[in-house]
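Beneath this line is the structure, given in structure tokens, with notes to follow.
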Amino acid sequence: MSTDDRSTLDAQEPDDTVDGIPVERLGDYLDAGRTPREPEIEGSAACRLYLQSLARVQNLSRASLEHVAAREPDRDGAWIDGLLDSIRREVVGGREIPVGHPDPGVRLSVTEAAARGLVRRAGDAQSGVVLGSTTIDGDLTTAGAPVNVSVTAAARYGLDLGAVADELRGRITETLTRHTGLNVTRVDVHIDDVFVPREDDR
């Protein structure tokens, strides 16, 4: 294969797949209720994480999106597209994070994607929050090294944004510390959007 062909192939690839599976196929699979079961998809941790996150996005109030669309026609599509792009980036494996074990002969690790998945679960568990992107900065490959976490999030209209950010910060720190042993020294929460819930969600 020539250099030009390789460059063309590289340019065509990645944002449209998760672990080699086209995101369009993953969306269709989720719409079908994940049946019939596709072992290729269900056997991929990255695809399962993507499907879980995509389901979360789909469960957002359609009424909220329509409300935003009516007020600012170009905004809701860009917001959803940006969220999906963030999810696709997050499910890529990334660095290996060592996990401590009492037996020095045992070596355990989790992937950076798994750590980002934990952050997203922490956000999903908080009422009135939709997590956007997650970035983990620092030396993840050295046990005990300080790391900083930065997330974006949308919050339900009417909530105290300061309290939302404080709670999310605490959830993320506790989750990563408990499950990965990361030395989280700072969590920056950026509330970059507000959504309006359906009447029956209030």
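Where a number appears in this text, it was derived from the coordinates with a stated rule and is not lab data. Keep in mind it's a predicted model, so treat the numbers as computed, not measured. Using ideal geometry, Cβ is built from the backbone for each residue, glycine included, and neighbour counts are taken over all protein chains shown.
Overview of values
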{"item": "Per-residue Cβ neighbour rank within 10 angstrom, fewest leading, Arg171, Arg25", "result": "Arg25, Arg171"}
{"item": "For Thr111, distant residues with modelled amide H under 5 Å away", "result": "Ile97"}
{"item": "Counted charge near Glu42, where neighbours are those whose Cβ lies closer than 15 Å (Asp, Glu -1; Lys, Arg +1)", "result": "0"}
{"item": "Distant-in-sequence amide H partners of Thr17 (H built 1.01 Å from N, under 5 Å)", "result": "Val23"}
{"item": "Compactness relative to 2.2 N^0.38 Å, alpha carbon Rg of segment 93-201", "result": "1.18"}
{"item": "Under Karplus coefficients 6.51, -1.76 and 1.60, residue-wise ³J(HN,Hα) of segment 177-184 in Hz, glycine/proline x", "result": "5, 5, 8, 10, x, 4, 8, 7"}
{"item": "Extension gain, Thr185 back to Ala163 (0.36 nm per residue minus Cα-Cα distance, nm)", "result": "6.0 nm"}
{"item": "Residues whose placed amide H lies under 5 Å from that of Phe195, excluding near-sequence neighbours", "result": "Ala155, Arg156, Tyr157"}
